[in-house]
Amino acid sequence: MPTVREHPETLNWVGKSIRRIEDPKFLRGRGNYIDDYSVPNMLEVAIVRSTEPHARIVSIDTSAAEALPGVAAVVTGAAAAEVTDPMPDFGPSPDKHVWRCLAVDKVRYVGEGVAAVAAESRAIAEDAADLVHVEYEPLPPVVDWHDALAEGAPLIHEALGSNVPFHRSFVFGDVEDDYAEADVVVSDVLYWGRSGGQPLETVGAVADYDLGSGMMTIHVNSLTFTSFLFMLAGTLKVPSNKLDMHPHPAGGSFGAKFWEVKTAAIAGMMSKVTGRPVKFMQDRLDNIANGDHHGSDRRYEVSLAALRDGTMLSMKVKVVDNYGAYIQFGVGHHGNSLAQAVGPYRMRSIAYDVTAVLTNKCQQGAYRGFGSEVGNWVLERMVDLMATELDMDPVEIRRKNFIQPDQFPYFIPTGNCYDSGNYEGVLDKTLELADYHGWRRRQAEMRAEGRLVGIGICTCQERSVFSATEFWFWFDQPVGVTSSPESVTLDIDAMGAVTATLYSNASWGNSPETMVAQFAGEELGVDPSEVNVVYAGSNQGLPATGPGGSRFTIMVSGAVEGAANRIKAKAAKIAAHLLEANEDDLEWIDGGFAVRGSPDRRKDLGEIALQAHLFKHSLPDEIDSGLEASFVHDHPYTTLPNADRTDLGVFYPFVGHASHVAVVEVDPDTGKVEFLDYTAVHDCGTCVNPRSVGGQVIGGTVQGLGSTLFEEFVYDGDGVLKTPSFAEYLLPSALDSPALKVGHQETPSPYTPYGIKGGGEAGRMMAPSAICAAIDDAVGIRVRRLPATPERVLDMIEAAED
Amino acid sequence: MNTSSHEISLTVNGRAVEATVESRLSLADFLRRELGLVGTHLGCEQGACGACTVLVDGRSVRSCIMLAVQADECELRTVESLAPGLAMHPLQDAFHKHQALQCGFCTPGMLLRCLELIEENPDITDEEAREGISSNSCRCTGYQYIVDAVVEAAEQMRQ
């Protein structure tokens, strides 16, 4: 177990809704996004995308494209395979479903890259891409999960011998005993449709390969997992120490830029081929069709076992996940679900059977929740079903099963630890803020008028700070990688001004600079608005994992704390010398060191910094010039899974909680779902900047609303992508989005600095459950398939009438 | 490709601009690539998301689906015009105060749309602001803090 921390009672900056440090540049249109960055002599790339869902590439004629004035190179997949190795792939048996930056021999989904063109401008590159003629020999497409599993199904990857790259059955606890003891078992079949982050900025890269030095420099808006960049270097066939990635702010990610290195690989490859700097900026069609980051696409057979009094005992989950044509992260998305498999409830056991299938769709990546948002939805759907079965109030069945505040740290059957919580506290706050009982009364009146008004509630977990173990505990190897650090360097200059250096592309629309500045303010007694935050390139960088799994704020808080402690240790020596005091008699107070009991005898950090930088020979010999320190903060609480994987260990231990209440009205003529009210109360431990947390909750909720009501990457039965643009893939607008009532409860984590828990994926992890429960309540029939589009809601209303 | 060129003259952020442009060049590409005004962002390039919104003769326009030649003789405003000096425009200040942005990518287009809304309706309400910004997608904020910022900025600008 990690050390239980004592959190300071008074904080100067943590907990204040200060204005964000990163905002002025964005407000002025000076964000320096990747497409704003250009270098002299730069070529631009366009991709020739497959028009076929599944086909052999018979031939590619590039002659007309190459002849177009302004075209520097046209590179087919086969040619690319001569200068690059396959893409980094964390999935099972990557040699059996080889993934390359451009397709070789056959295409596996509509939109897959077949060739790349580099030209003097993007317009010329696109003109040339249109002139590339690809001859295909169509193969039968495999689109749905059941087609993929059918006897004699066409194979997406022949080398795999089937369309199932992974299947495993896990049992945590005495599932069969618990089912035997149960009075009631409810079961259902549920479908979660494919949606995705779809940030308004796509992915881009500017690569410059220097033939002289062999350096491959790539500017990107996606830079995480810096310890794994040797894998991208391998793809590009450059030595790992000759790859240097430089981050630019991402115009949103939501997971969709999590480890998006294909764009960098294509830019790097084209720079190597042409000997010139190259920009590749995806357009929206590239991003939707070929962005490698679609979300979960799952079919569940699930049952829940309980006693007649509503005590939930156990759950059986059988899930098939349609991963698309490749499986870059393996089934880590399901590890994520298992981090909070029993939700906030005292369930004793769970069986989890997962089958990953490959089909002719774009592959999955990450999307806010990384699969655990789906687990939350399935669990809450089943809790609602159990409540109906037992004729219990949906609030009371939840309350009855909550893990109690005195039971923490609490180990769930899968092995993960929940650090702290007060779920009833959140529930009570939610009911009050939502005026839940008032709405129940008003609902009765409105229903009496014939209106389809429904109220839904959910109580869900948000796990935060993944450990690297979740990516491999699915397999039988005894041990995989275990590191997922975050680093920072703090530098105090001679004037006492603070610069913080970050080592991943932390700026994704979260508030990394504000967080670091608030932590530096807290630790060093400086004003956060005066802290300068910069980003280092990977080549001179320290290990960093970047945002993802709601980890960044917690991890960087530990890094800042560690670096600040090192700075203070040196500063104390200097202050002791200057004050002619014993170091042990000094105390850190208000941004400087003072002699204990004599507050007037003090040296501020600025005075100490001036001495450290400029007065070497006034200081003791052993003190080097300068005042800076770095700190690599490793995951605070990871334990390894056991050999037979009946215990996955602790891998996602800082667990927040939230309760949402949605009040909706369904239009019986159109199937449209309108929000009459929406309440969200979150507990992510200590809020560093409450306004920012609120913004994440509201934005995440609206994304959850999109996944619930209309966002879906639709492939028809022939494998044709029917939603290739924002005209078909519908983002929620301001008019689709409710005005939220947001509340916070703060139950600190005992294991993190200040007691922070992650909150960045909140909202999307809860909204689908609350909204579906409200729709159920309004129309009298259960939502079983997402998105619950107006068309599907109309079908439900018709079914309810029959 | 067979393209023709045209001479255009227009005003961009108060300065006269004369240029020769290909007929197929979008206004967004003209601003970003020819004039270096990269505050105008491209999200979807088909007029759906509104990230590329600029003001043409005071009206919001999606610059990704307007051609540069169509801007001949027009007066354009981009985000770069809002605060040429150190002080931010009251609308930018309200966005900052209310955290009405996260990743900042939709922000320039959103600011210009909001400026148009306030200029048309100085007493704008929450509901009117919400309806008004439904033209522009924001993937981060869920819109609520933007509504807060617009209403407060309108109040500031009335004074």
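Residues of the stretch A:720-761 being in contact with a helix residue (DSSP H, G or I) (Cβ under 8 Å, 6 or more places away or on another chain), part of a loop (DSSP other than H, G, I, E, B) and away from chain B (no Cβ under 14 Å), which ones?
A:Q745, A:E746, A:T747, A:P748, A:S749, A:T752, A:K757, A:G758, listed by residue number.
Can we say B:P122 is in a loop (DSSP other than H, G, I, E, B), within 17 Å of the chain's Cα centre (by Cα) and surrounded by fewer than 20 Cβ atoms within 10 Å (Cβ to Cβ)?
no
So the check is Cβ under 6 Å with 6+ separation or different chains; which pairs have a first residue in the stretch B:23-34 that's within 11 Å of chain A (Cβ to nearest Cβ) and a second one that's assigned to a helix (DSSP H, G or I)?
Going by the 6 Å Cβ cut-off, the qualifying pairs are B:L25/B:A68.
Search the stretch B:130-147 for residues being more than 7 Å from every other protein chain (Cβ to nearest Cβ) and either in contact (Cβ under 8 Å) with a residue 24 or more places away in the chain or in a loop (DSSP other than H, G, I, E, B) (or both), and hand back the single one that is farthest from A:A762 (Cα to Cα).
B:S135
Could you count how many residues in the stretch A:762-791 are aliphatic (A, V, I, L, M), part of a loop (DSSP other than H, G, I, E, B) and either modelled with pLDDT under 95 or out of contact with any His (no Cβ under 7 Å at 6 or more places or on another chain) (or both)?
Summing the residues that are aliphatic (A, V, I, L, M), part of a loop (DSSP other than H, G, I, E, B) and either modelled with pLDDT under 95 or out of contact with any His (no Cβ under 7 Å at 6 or more places or on another chain) (or both) in the stretch A:762-791 gives 6.
So, of the residues in the stretch A:351-377 that are within 25 Å of the chain's Cα centre (by Cα) and in a strand (DSSP E or B), which turns out to be farthest from A:G421 (Cα to Cα)?
My answer is A:L358.
I need the full set of residues from the stretch A:123-140 which are more than 34 Å from the chain's Cα centre (by Cα) and either among the β-branched types (V, I, T) or assigned to a helix (DSSP H, G or I) (or both), in order please.
Result: A:I124, A:D127, A:A128, A:D130, A:L131, A:V132, A:V134.
Select from the stretch A:54-96 the residues that are polar (S, T, N, Q) and surrounded by fewer than 20 Cβ atoms within 10 Å (Cβ to Cβ) and list them in ascending order.
Hits for the stretch A:54-96 are A:S59, A:S63, A:S93.
Considering only residues that are of a type in the set (A, V, I, L, M) and in a loop (DSSP other than H, G, I, E, B), look in the stretch B:15-63 and name the one that is surrounded by the fewest Cβ atoms within 10 Å (Cβ to Cβ).
The qualifying residue surrounded by the fewest Cβ atoms within 10 Å (Cβ to Cβ) is B:L35.
Quickly run through the stretch B:64-87 and pick out the residues that are within 13 Å of chain A (Cβ to nearest Cβ) and either on the phi > 0 side of the Ramachandran plot or small (G, A, S) (or both).
Scanning the stretch B:64-87 gives B:A68, B:S81, B:A83, B:G85, B:A87.
Find the residue count for the stretch A:678-719, including only residues that are away from chain B (no Cβ under 14 Å), charged (D, E, K, R) and either more than 17 Å from A:S659 (Cβ to Cβ) or out of contact with any Ser or Thr (no Cβ under 8 Å at 6 or more places or on another chain) (or both).
The qualifying residues number 3.
For the stretch A:505-527, which residues satisfy the criterion of being away from chain B (no Cβ under 14 Å) and either without any contact (Cβ under 8 Å) to a residue 60 or more places away in the chain or in a helix (DSSP H, G or I) (or both)?
A:V516, A:A517, A:F519, A:A520, A:G521, A:E522, A:E523, A:L524, A:D527
So for the stretch A:220-234 (the condition being of a type in the set (V, I, T), more than 25 Å from A:D95 (Cα to Cα) and either surrounded by fewer than 24 Cβ atoms within 10 Å (Cβ to Cβ) or away from chain B (no Cβ under 14 Å) (or both)), does at least one residue qualify?
So far as the stretch A:220-234 goes, yes, one or more of its residues are of a type in the set (V, I, T), more than 25 Å from A:D95 (Cα to Cα) and either surrounded by fewer than 24 Cβ atoms within 10 Å (Cβ to Cβ) or away from chain B (no Cβ under 14 Å) (or both).
Can you tell me which residue among B:G50, B:G39, B:G58 is in contact (Cβ under 8 Å) with a residue 24 or more places away in the chain, of a type in the set (G, A, S) and within 20 Å of A:P732 (Cβ to Cβ)?
None of the other options fit; the residue is B:G50.
I need the full set of residues from the stretch A:256-283 which are in contact with a strand residue (DSSP E or B) (Cβ under 8 Å, 6 or more places away or on another chain) and within 14 Å of chain B (Cβ to nearest Cβ), in order please.
A:A256, A:K279, A:M281, A:Q282
The values are calculated or read from the model by the stated rules, or taken from the named source; none is laboratory data. The structure presented is a predicted model; accordingly, all values stated were derived computationally and were not measured. Glycine also receives a Cβ, built like all others from the backbone with ideal geometry; neighbour counts cover every protein chain displayed.
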